[in-house]
Amino acid sequence: MKKILGLLIICLSFNQITNAQDGGGGGFDKSKLFFGGNLGLAFGTYTIVNVSPLIGYRFSPLLAAGAGINYNYYGYDNGYYTNKQSYVGMSIFGRLYPIQQAFIQIQPEGNYMWYSQYTNGQNLPPYKINQFVPSLLMGGGAAIPTGPNGAITISIMYDVLQNIYSPYYHQAVYGFGYNVGF
């Protein structure tokens with residue numbers, strides 16, 4: 001976690017240096033704010049619900065950062081087993097834009113998980129786990145501009161911590177979203 005905070009401080013320092021060279025007056029500019037996130041739904045034997053809004057700030061043409069909250073639900077019912085898994089969490093992210101249409105992203109995330117497994121038709125007690133689960137998503141994507149302050153985003157990331165209870169354990173995280181600015 002110290003390395004992540006160190007990287008964020010270096011990125012923010014780099015932003016201050018670039019603003020000083022551009023003669024920027026600093027200060028908050030609401031036109032650099034953007035909002036977005038992901039919404040995912042799937043129903044059937046597998047049920048998946050994902051709601052993940054985010055807010056970010058474009059510090060310079062090269063650097064953006066922000067924070068988000070998320071809720072994920074994964075359910076599975078094959079008639080014999082019923083699994084239910086819910087996550088509620090927060091994240092921060094940093095994006096580096098080597099070119100305007102592409103970004104590299106790092107996203108530390110902390111989730112609290114509720115998991116339960118039931119065996120249908122059996123007199124067995126449910127198996128339950130409740131715990132905090134850290135993740136560190138790293139990857140990149142494309143930002144396709146849709147106007148002066150909006151973009152369609154497509155990304156692929158991977159959880160490098162690989163906690164067995166992570167919602168991203170042993171799988172890539174594909175994202176498709178829209179960012180809206182002022």
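Read-outs throughout are calculated quantities, based only on the coordinates presented, and are distinct from any laboratory measurement. Quantities reported herein were computed from a predicted structural model and do not represent experimental measurements. Note that we place each Cβ from the backbone using ideal geometry, even for glycine, and neighbour counts take in every protein chain shown.
Other residues within the sphere of radius under 10 Å centred on the Cβ of Ser116, judged by their own Cβ, net out at +2 (K and R +1, D and E -1). Among Tyr168, Tyr158, a tally of other beta-carbon atoms within 10 Å of each Cβ gives an order, fewest to most, of Tyr158, Tyr168.
Helix 2-22 against the longest principal axis of the chain: what's the angle in degrees, Cα atoms only, rounded to the nearest 10? Helix 2-22 sits roughly 30 degrees off the main axis of the chain. Over region 29-181, the hull volume per residue, using the convex hull of the C-alpha atoms, is 99 Å³.
Judged by the gyration tensor of its Cα atoms, with axes a ≥ b ≥ c, region 78-117 is oblate; a/c meets the 1.5 cut and b/c is at least as large as a/b.
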